[in-house]
Amino acid sequence: MIAPGELDTASSPQHTTLDRKPWPREPGDNDTAFTFRGFELHGGRMWQRNHILQALDFIETHRMTALVLHESDIIHHLVFPRAYFNPYAQWKNAPARRGENALQNNRVYFDHILHLANNRGVEIWLEVKELAFPDEVLEMNPGLLKNGIVCPSEPFWAEFIEQKTQELVHDFPLLTGIILSPGSPEGRASRAQNKCRCEVCESTTLPDWYDRIIRAMHAPLRRAGKRLAVRDFAYKPADHEPLIEAVSRQADDVIFCIKVTPHDFYPTFPDNPAIGRLPREQWVEYDTQGQFFGWGVFPSAMFDDIRQRMDHARRRGVTGGLFRSEWERVNDWWVLESLNVLNMMTAATLARDPRATDEAIVTAWLQAQGMPVDAAGWLLSVLRETWPILRGALFVDDFVFADCSMFPRGLGRAWWTMEVKHSLEAWAPAYRGRLDLNGERIESLMQEKRRAHAGAMALVARLAADTDAPAPLRAQLQDWTALLPRYAEGMMLCAEVCLRARWQERDPARSDKAAFRVALSRLEQFGEGLAPLVEAGRYPHQTLMLLDFRRVADIAAEARTVLEAPQ
């Protein structure tokens, strides 16, 4: 028996993956099939057995290879770790780790999930961000706090990462590997956050910090025969270089995992320039649910984009794909419950066979739904209208205008989103200056919004008129798109107010204040009309988030301040 605080690595069961050959190709695969094809859970569903089973069913049906559980600090829901916290301690005032019973539950649950997947020949990977740690670490080592900020550069962290990773692979030998994101500011602490300015941080370069974190996790994984993938994350092109340099220093078995677009999953952005930069195994990531294109609450078929991104990745030497099914910021919702499941099917299919046609994928979905397969052509023609509508509604000349598909949080936030947080100009210099405004430019940008709104209304009208389509299918599509015109209208009105407010602030002598006043009045009336959607109690909260009258009110309030400001 392992004594409290000890880790018996010598007796750890040997389930190694380092020396495994690539996933065996099956009949129907070709030489361009990705050898890694992962289904990613990124929310609460990973803790619900029935949804794990649904994910595994999808993986088997579509011949994917892995289930990836993505939660920033999931390791601390699975290990104490015992090198620091004694799970056998008999406590009086507080346990060694708060919530120890939940932790014990999670451990048994995760082991069960590993066996469920292993019985089907499916790999399990964890995706994490570092630094991550339980609060008790700070109580144990208060010197990690400097001026109230967690110092990410103290040598303790490398030791801590190695110890917890070693315990993880010892306790859960069926785990295949870890995907590590050290560059994300979403970790509890990171050099990428640039908060701590102590002497240790100032004397540690960012590539050296990344290198230390990666090696600390890689060493115990490699000893146990497990794999490590390092995930790309960069707000600006300059952010790429330190992480790419650090990954270039690693052993050949370390994988580079890269989003198809830089920074985040924006379909209007260029291909990620990190793809193909390093001569090592590479995977790409794609969000099939649509954090930035309507969440599947409003369907958006991304067939062409998925095909183009994956073709580009193959040309750059990529051999794996990881496909996200949910966004952790929206609970109780994932791609398998919406029509955007077709995006996941497309990604899984093209990862295996890039020659597969869109019609074949749609036909397979219809067959699985028990609907007439001869409706595939009609359905495909309807689906092809969805992304152009959402692109025109949610983006301003390809700049990220919507707040993760929601109305902007406010006037200032809308511009910060477009120009700073999700800057397109940083990755595509050809867009420089395209947010400079005058009356002609605003009219051009508003034509884009009006086309999107008109397209949404035309789509709803088409579904009402196409009585030759299968009735159950048409009814589903009508349900999924019923509020799409109102959604597109809201984005159009928000955009006009944001554009005119900026023009008014920057060039009051030439701006059209009368048009600004009219646009603001229309937006205020629109917002008032959204409140009854909440009161009706008919719509799920995800729909209400995308049609949130509170956000409209915030934009209107800020804009009225601009309108009424003395000149």
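Kindly state, to the nearest 0.05, the FRET efficiency for Asp252 paired with Ala102, given R0 = 45 Å and r defined as their beta-carbon distance. Intermediate results must be reported in sequence, preceding the final value.
Values: r = 39 Å, r/R0 = 0.86.
The computed FRET efficiency comes out at 0.70.
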At R0 = 35 Å, FRET efficiency that the Cβ-Cβ distance of Glu440 and Gln308 yields, to 0.05:
0.65
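Provide, as a two-decimal number, the C-alpha radius of gyration of the stretch 483-542 over 2.2 N^0.38 Å, N being how many residues it has.
1.38
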What are the semi-axes of the equivalent ellipsoid of the stretch 310-385, taken as the square roots of 5 times the eigenvalues of the Cα gyration tensor, listed largest first and rounded to whole Å?
23, 20, 10
Once the piece of chain linking Ala428 and Lys92 is laid out straight, how much longer is it, given 0.36 nm per residue of separation minus the C-alpha distance between them?
115.0 nm
Between Ala471 and Ala238, with labels modelled 7 Å along Cα→Cβ, what's the label distance in nm to one decimal, could you check?
6.4 nm
At 7 Å along Cα-to-Cβ for each site, give me the label-to-label distance between Asp73 and Ala458 in nm.
5.0 nm
Once both axes come from the Cα atoms, what is the angle between helix 358-369 and the longest principal axis of the chain, in degrees from 0 to 90, rounded to 10?
80 degrees
Neighbour-count ranking for Thr65, Thr417 (other C-beta within 10 angstrom, fewest to most) reads Thr417, Thr65
How far is helix 471-481 tilted, in degrees, relative to the longest principal axis of the Cα atoms in the chain, given as a value from 0 to 90 rounded to the nearest 10?
90 degrees
In terms of the charge dipole of the stretch 32-369, which places +1 on Lys and Arg and -1 on Asp and Glu at the beta carbon, the residue among Phe293, Asn106, Phe172 farthest towards the positive end is Phe172
What is the magnitude of the charge dipole of the stretch 32-369 about its Cα centre, with +1 placed on the Cβ of each Lys and Arg, -1 on the Cβ of each Asp and Glu, and no other charges, expressed in debye to the nearest 20?
440 debye
Consider all pairwise Cα distances in the stretch 465-567 and report the whole-number % of them above 17 Å.
58 percent
Estimated D of the chain in µm² per second, where Rh is the Kirkwood radius over Cα pairs and Stokes-Einstein applies at 10 °C, 1.306 mPa s:
62 µm²/s
Quote the charge dipole size of the chain about the Cα centre in Debye, to the nearest 20; the model charges only the Cβ of Lys and Arg (+1) and of Asp and Glu (-1).
320 debye
Estimated [θ] at 222 nm from DSSP helical runs (n ≥ 4, -39500 (n - 2.57)) normalised by residues in the chain, nearest 500
-14500 deg cm²/dmol
Calculated FRET efficiency, Thr561 and Asp31, Cβ-Cβ r, R0 56 Å, to nearest 0.05?
0.35
Given the Cα-Cα distance of Asn50 and Asp353 and 0.36 nm per residue of separation, how much length would full extension add, in nm?
106.2 nm
If each part is reduced to its alpha-carbon centroid, the stretch 213-285 and the stretch 490-567 end up apart, in Å, by 40 Å
Row for the stretch 385-564, column shape: gyration tensor on C-alpha, a ≥ b ≥ c, rounded if a/c < 1.5 i.e. under 1.5, prolate if a/b over b/c, else oblate; value prolate
As I understand it, the value is the acute angle between the Cα axis of helix 341-352 and the longest principal axis of the Cα atoms of the chain; what does it come to in degrees, rounded to 10?
50 degrees
Farthest toward positive dipole pole in the chain [+1 Lys/Arg, -1 Asp/Glu at C-beta], among Ala458, Ala33, Gln542:
Ala458
What full-extension length gain, to one decimal in nm, is calculated for Trp416 and Val534 as 0.36 nm per residue of separation minus the Cα-Cα distance?
39.6 nm
Mean projection of the alpha-carbon convex hull of the stretch 32-369 over all orientations, in nm²?
17.2 nm²
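Values quoted throughout were computed directly from the atomic coordinates according to the rules given, and no laboratory measurement underlies them. This one's a predicted model, so the numbers in the text were calculated from it and none came from an experiment. Ideal geometry is used to build each Cβ from the backbone, glycine not excepted, and the neighbour counts take in all protein chains shown.
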